[in-house]
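Notes for the one structure printed next.
None of the figures in this text is laboratory data; all of them are computed from the coordinates on show. Since this is a predicted model, take the numbers as computed values, not measurements. As a convention, Cβ positions derive from the backbone with ideal geometry for all residues, glycine included, and neighbour counts pool all protein chains shown.
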Amino acid sequence: MTTTATGPETPPKPGQDQRLRRELGFWSLTGVAFGGIIGSGWLFGSFYGAQAAGPAAVLSWVIGGAALTLVALVLIELGAGTPEAGGMVRWPRLANGPLAGTLIGWTMLLAVASTMAAQASAIVQYANRYLPGMYEDEALTTAGRFAAAGLLLLLVVLNWFGVKLFARLNLLVTVVKVLVPVLTVVALLMSSFHPGNISAGGGVAPYGWSAALTAIASAGIIYAIDGFASPIELSAEARNPRRDIPRAVLTAIGLSVALHVVLQLTFILAVPTEQLDSGWRGLNFASPFGELALLLNLSWLAAVIYADAVFSPGGSTYVAVAAGSRETYAVAKNAALPRLFSVVSERAGVPRNAMALNYVLSVIILFPSSGWRDIITMVGALALLTYSLCSVAAGTFRAAAPERLAGWVRGLGWIAPAGFVVASELVYWSAWENLRIALPELLAAVLLFSVLRRRTDLWAELRTGAWLLGYLGWMLVLSGLGSFGGAGVIPAPWDTVVVALCALATYRWGVRSGVEYLRR
C-alpha cells in the first residue's frame, strides 16, 4: 500500500483510465441521466404503486424523489470533485478501506446485472402483445427469457464501439422516450377522469400510511427514478465534470419526479371505478398502461405504448450497460475482481471485458426469475446500500481529504449524514421479506472477503470496516423486529425513529474509522 499526504491510498490502480475519452458535455450527461431514469419504471411503477398503497402512492413518489435528491447532492459532490469511472464503487474504497470497497463492489455488481435483467424482462413482457408466448401466467416463458437475453446482447454490441456513439444515440432516444408518457397522460385523462377513485378503493391510504413508505422500494419507485447516477459513474468521461455533472443530475431528477407524480395521478384517476370493487390490490394488469388504454377503447394509444414499451426500456438498458460496465471496471480496480476486468479497449475507449461480465451475470439472474417485479425490489435495496456508503465516504473526505471534494454543495456537513439516514430508512422500508435475503448475503460475503484477503493484515482491515458489519447487522435485526413486514415488536413509528438514531450513530462511526484509515 502506498502513502499519500492524506494517508493510505489504495494499491496501485490496475485500471486504464487514461484510455477513457472525455466526450460528454452537459446535454449528453443530462440525456444519460434522464435516459437512465425513464425506462420500464414509468410503464409499471404507477400500477404497482397504486396496488401497494392506493392513492397514497403519490406521496411515495414525492418522498422517494426528495430522498434521492438528498443522496444525489452527496454523489454530485464526489463525482465533481473526484471524477472516476465507477466512482460509487471507488469512493468508499478510497475513504473507508478494503472491506467497504469490496462489499460495495460486489453489491454494485449484483445491482447492475439485476437492473439489466429487469429492463430486458419488462421489454419482453410488453412485447408479448405482438409476440404471444413470451409472457404467460404472470411469468416469462422460456422463449421470453431467450428473447430478453438476445436483446441485452444487442445493447452490449451497440455499447462496444465507444462513448461518443453511445451519447449521440442515447440523446436521440431520450427525446422520443419523453414524448410517449406525456401523450399517455393527456389521452387517458381526456378519455377517463374519475375523481371518486380517491375514495372508491378504500380511501386515500387504504392499506395505511406505512404502505406508502414500503412502496418506495417494493413497488419499484426507487428503481424507477434511480438512473440519475449514470452520469456520475461516467464522470471520468465528462469534459467538465465540476460544471456539468451537478446541473445534469439535478435537472434530470426534478423533471423525472414531476413526470412520475403526474403519471401516478393519471393512473389513479383514469382507472374505471368498477375495476376497484376488490380494492387497489385487486387490479390485475400485466401491461398496465397498455391494457388500461385498451380498456378505454384507445387502441391507437395502446399501440403507441406497446411500441414504446420496447423502445423506452431499451434506451434505459442501453444506459445501464454503459454505466454498469464502468462500475464493474471500478470493482476490478478495487481488486475485488480479476485484473482482466479492469482493461479498457485502446481502440474504443470502453471497458469491454467488464461489459461482457455484466452481460453474463444479467442472463444468470434473468433465467430463474418470473419477470420485472421479481427482480426490481432487490435492485432498489442494493442501490440504497450503495448510496449510504457513499455518504460516509463524503463525510470522511470532508474531515480528512477535502481536496477530493468539489466544494459545489453547500452544507455537506449536514447533507451527508442526512443522506445516510434517509438511505438507511429507505433500505429499512424495503421490508423484512426482501432484507432477510439481501442483508445475510452481504454479511456472508465478509467470509469470502476474509479468504481473499488472508495474506494481508486482515484484522486491521476488519477493524476499519467494523462499522459496516455493525450497520448490516443492526439493520437486519431491526427489520426482523419492526413493523415493515417484521414481527412488529417495535411498532410504527418508533421503529423508524430507532433506525434514524442507529443510522446517525453508524454514520459517525464510519466517518471516524475512515479518518483514522486515511491518517495512518
Gyration tensor (Cα) of region 284-359, equivalent ellipsoid semi-axes in angstrom: 41, 13, 7
C502, C390 arranged by Cβ crowding within 10 Å, fewest neighbours leading: C502, C390
Degrees separating the helix 466-481 axis from the principal Cα axis of the chain, which is the longest one: 30 degrees
Rounded tilt (10° steps) of 163-191 against the dominant C-alpha axis of the chain: 30 degrees
Positive-end extreme of charge dipole, the chain - chosen from A224, F420, Q264 (charges on Cβ): F420
Selected from G510, G97, I364, residue furthest toward positive end of dipole (region 3-518; charges at beta carbon): G97
Mean Cβ neighbour count within 10 Å, used as a protection proxy, ranking 186-194, 51-59, 94-102 highest first: 94-102, 51-59, 186-194
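Mean shadow of region 232-349, computed from the convex hull of its alpha carbons, in nm²?
Details: hull surface 45.7 nm².
Over every viewing direction, the Cα hull of region 232-349 projects on average to 11.4 nm².
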Check: the chain dipole with +1 on Lys, Arg Cβ and -1 on Asp, Glu Cβ, in debye: 1800 debye
Amide H contacts of L140 (H built 1.01 Å from N, under 5 Å, at least 5 apart or other chain): G371
Shape metrics for region 374-507, restricted to C-alpha atoms - Rg then Dmax, Å: 16.0, 46
Nearest 10 degrees, 0 to 90: helix 494-518 Cα axis against the chain principal axis: 30 degrees
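For the peptides 352-362, 138-148, what is the packing order when you average, over each peptide's residues, the other Cβ atoms within 10 Å and list the highest mean first?
Details: 352-362: 21.4, 138-148: 18.8.
Most protected by this proxy first, the peptides run 352-362, 138-148.
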Ranked by how many other beta carbons lie within 10 Å on average, peptides 482-490, 392-400 from highest: 392-400, 482-490
Using θ = phi - 60° and Karplus 6.51 cos²θ - 1.76 cosθ + 1.60, couplings along region 93-106 (whole Hz; Gly, Pro as x): 5, 5, 8, 10, x, x, 5, 4, x, 6, 5, 5, x, 5
222 nm mean residue ellipticity, helices alone, for the chain (DSSP H n ≥ 4; -39,500 (n - 2.57); rounded to 500): -23500 deg cm²/dmol
Spacing of the two label points (7 Å from each Cα toward its C-beta) at L447 and L501, in nm: 3.4 nm
Dipole of the chain, positive direction: furthest Cα of V71, S46, G201, with charges on the beta-carbon: V71
Ellipsoid semi-axes in whole angstrom, largest first, where each is sqrt(5λ) of the Cα gyration tensor of region 173-314: 32, 20, 12
